[in-house]
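Each remark here refers to the structure printed beneath this line.
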Amino acid sequence: MITTSRLTKKFGKLAAVDSLSLDIPEGEVFGLLGPNGAGKTTTINLLITLLKPTSGSATVNGIDVVKHPAEVRKNIGVVFQEPSVDDLLSGKENLEMHAMLYSMPGELRRRRVEEVLELVELTDRKDDWVKTYSGGMRRRLELARGLMHHPKVLFLDEPTLGLDPQTRQHIWKYIARLAKEENMTVVLTTHYMEEADLLCSRIGIMDHGKIVALGTPKRLKHEVGGDVVVLKQEGFDRSCLKGLKFVKKVKVDGDEVFLTVEHAHENLQRLLSAVGRVRSVEVREASLNEVFLKYTGRKYREEEEGAEGGWAERTMNAEAQRD
Amino acid sequence: MAFEAGKIYAVWLREVKRFTNSKARIVSSMGQPILFLVALGGGFSALIPGFNYMAFLLPGIVAMTVMFTSIFAGVSIIWDREFGFLKEMLAAPTSRETIVMGRILGGATTALLQGVLMFVLGMLFTGVAVPPLANILGILVLMTVFSCYLVAAGIAIASVVQEVETFQLLMNFLVMPLFFLSSALFPLEQMPAWLRDISSLNPVSYAIDGMRTLVIGTSHFGLLYDFGVSFGILAIAFAAATYFFNKTSI
Ligand SMILES: Nc1ncnc2c1ncn2[C@@H]1O[C@H](COP(=O)(O)OP(=O)(O)OP(=O)(O)O)[C@@H](O)[C@H]1O
Ligand SMILES: [Mg+2]
């Protein structure tokens, strides 16, 4: 449904999207994750024909985005990361205008306007100027607008940014239903790992314009190698972990110790006996958060590499192997 | 070119709604022309006995109203870009020509409404007699063409210069000269030659001259020229607007 081949967009010297090759099949909800500035929005802008690639190519629904941008636009819907509703119109007027621009027939238009207003709970504010909306209400209007015309491919750039938890859940349900019932292909960027985990059938983690990890949420989580246990203890001594095979990795940051542990819930007792008295303990189940940090967390990654090269780590690994 | 009637209507409707939604803008954009008419017209009328300067000035002031509103409507694309709404339009399955067309018609509608209002108010102030029906129609046609080419010019400019900061600059170095170096304020015959030459190169002079001919009967270029130049400029401005808007990006 979407393919990109060595897709590149440069701003001056900076390659915001760097030789990206992706393949997203029809009906997939694809999550694009990555730190600020990774190139997610730029990728979307290329796919929705608002930007022209510096090199490489891409197709959406089989249509080339450079050669036939007008055709591509007939197949897509977008919820932008940045505000894009008209302040000087009412919420309803914004939606009606959208419906007309997307050639929705009158009957369907009226029905969908009501439906999406209902969804984002703006029905009683629909006739007020958008100017008078709160930040979250504007965001909801943006979402409502993007969801109303049921395109073949839907691009959602941080759709639930700034929404309250309750609204967020409504939206998740609606997106999931849309994708399933209409066999819609969805490309979604988000910084909420929970959202990505819940909605996406596949996730690509992006950094510096490149995909650095790709897979189902389940597989990605599995690859991190276990849960993370965070201990607070002064004067932690790595040698106490000797013989505990379920501890895969150790990282010390001040008085905080980060351990990657297999099946942390079952092994916690043994771990704590070995470590001794701690000020606090926290178990983080393997989540996309850890996946995200593993592939993109710059601070985390550098320290980890440093630690692996350090003598303490080496001796411990050696000892672990002897056991 | 692909025009889609329903979508042109959508874009038109937005312009008109934005306009009617902000009553303050309507009032404030009428204030300046009225001030010009009353202060300038009243003052000069006293200076030149035997010449109804106010009546002479009226078409120029109506043109001023239309001009400011039209250019503003075209240039407001800069704000749409700034506030993000342009993305919504550019990502929609709507051809660029349609957007340009809708905006021109929308901008011209709001400008015409103000122009007509100004005209009626002005006639009350100056005591100019109501022109015959054929002349009124002629005035409306000319005002429409005038307004459309100014909106189009505004769109072309806004598609190229993208910064909000340039707006004030544009107003000072483009709109003001276009207005002052035209036939709006003084009879071309009585101008010094250099000023007359400049003003004769200014398309705005022709639109104003045409309106003046149709209102009080004094003509400089002749109606044929007035309409011909105005339609010609419209064609050029429309081509420029679609050309540059097609190239514009977020
Ligand atoms: N119009 C532009 N001109 C210059 N640089 C740009 C432009 N748009 C984006 N960039 C740069 O491209 C890089 C990628 O930006 P992009 O907006 O795609 O990131 P993102 O992954 O969406 O980040 P975020 O999570 O913050 O939304 C950034 O370094 C950004 O500064
Ligand atoms: Mg972004």
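Take B:Phe227 and decide whether it is outside any helix (DSSP H, G or I) and under 20 Å from the mean Cα position of the chain (by Cα).
On the way: outside any helix (DSSP H, G or I): no; under 20 Å from the mean Cα position of the chain (by Cα): yes.
Considered against the rule, which asks whether it is outside any helix (DSSP H, G or I) and under 20 Å from the mean Cα position of the chain (by Cα), B:Phe227 comes out as no.
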Report summary line: Over the stretch A:45-85, the set of residues in a helix (DSSP H, G or I), of a type in the set (A, V, I, L, M, F, W, C) and within 10 Å of another protein chain (Cβ to nearest Cβ) is A:Ala70, A:Val72
Report task. Just give me the residues in the stretch B:57-88 being buried (at least 24 other Cβ atoms within 10 Å of the Cβ) and within 14 Å of chain A (Cβ to nearest Cβ), in sequence order. Result -> B:Ala73, B:Ile77
Query raised in the report: Any chance the stretch A:81-102 includes a residue that's within 16 Å of ligand 1 (Cβ to nearest atom) and surrounded by 23 or more Cβ atoms within 10 Å (Cβ to Cβ)?
Result: yes
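Identify all residues within the stretch A:26-42 that are under 18 Å from the mean Cα position of the chain (by Cα) and away from ligand 2 (no atom under 14 Å from the Cβ); write none if there are none.
Taking the stretch A:26-42 as the starting set, the residues that turn out to be under 18 Å from the mean Cα position of the chain (by Cα) are A:27-42.
Hits for the stretch A:26-42 are A:Gly27, A:Glu28, A:Val29, A:Phe30.
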Report summary line: When restricted to A:Leu108, A:Leu143, the only residue out of contact with any helix residue (DSSP H, G or I) (no Cβ under 7 Å at 6 or more places or on another chain), part of a helix (DSSP H, G or I) and under 29 Å from A:Gly62 (Cβ atoms) is A:Leu108
Query raised in the report: Among A:Lys131, A:Lys152, which is within 14 Å of chain B (Cβ to nearest Cβ), touching a residue at least 60 places away in the same chain (Cβ under 8 Å) and either more than 26 Å from A:Lys173 (Cα to Cα) or touching a Ser or Thr at 6+ places or on another chain (Cβ under 7 Å) (or both)?
Result: A:Lys152
Requested in this report: For the stretch A:159-212, enumerate the residues that are within 16 Å of ligand 2 (Cβ to nearest atom), among the small types (Gly, Ala, Ser) and over 19 Å from A:Phe80 (Cβ atoms).
Outcome: A:Gly204, A:Gly209
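Among residues belonging to the stretch A:26-44 that are within 14 Å of another protein chain (Cβ to nearest Cβ) and of a type outside the set (A, V, I, L, M), point out the one that is surrounded by the most Cβ atoms within 10 Å (Cβ to Cβ). So that I can check it myself, show each step before the final result.
Narrowing the stretch A:26-44 to residues within 14 Å of another protein chain (Cβ to nearest Cβ): A:41-42, A:44.
From what is left, the residues that are of a type outside the set (A, V, I, L, M) are A:41-42.
Details: A:Thr41: 21, A:Thr42: 23.
Among those residues, the one meeting the criterion is A:Thr42.
Taken together, the values in this text are just the output of simple stated rules run on the coordinates, not laboratory data. Since the structure is predicted, the reported quantities are computational estimates derived from the model, not experimental observations. Every residue, glycine among them, receives a Cβ derived from its backbone with ideal geometry; neighbour counts consider all protein chains shown.
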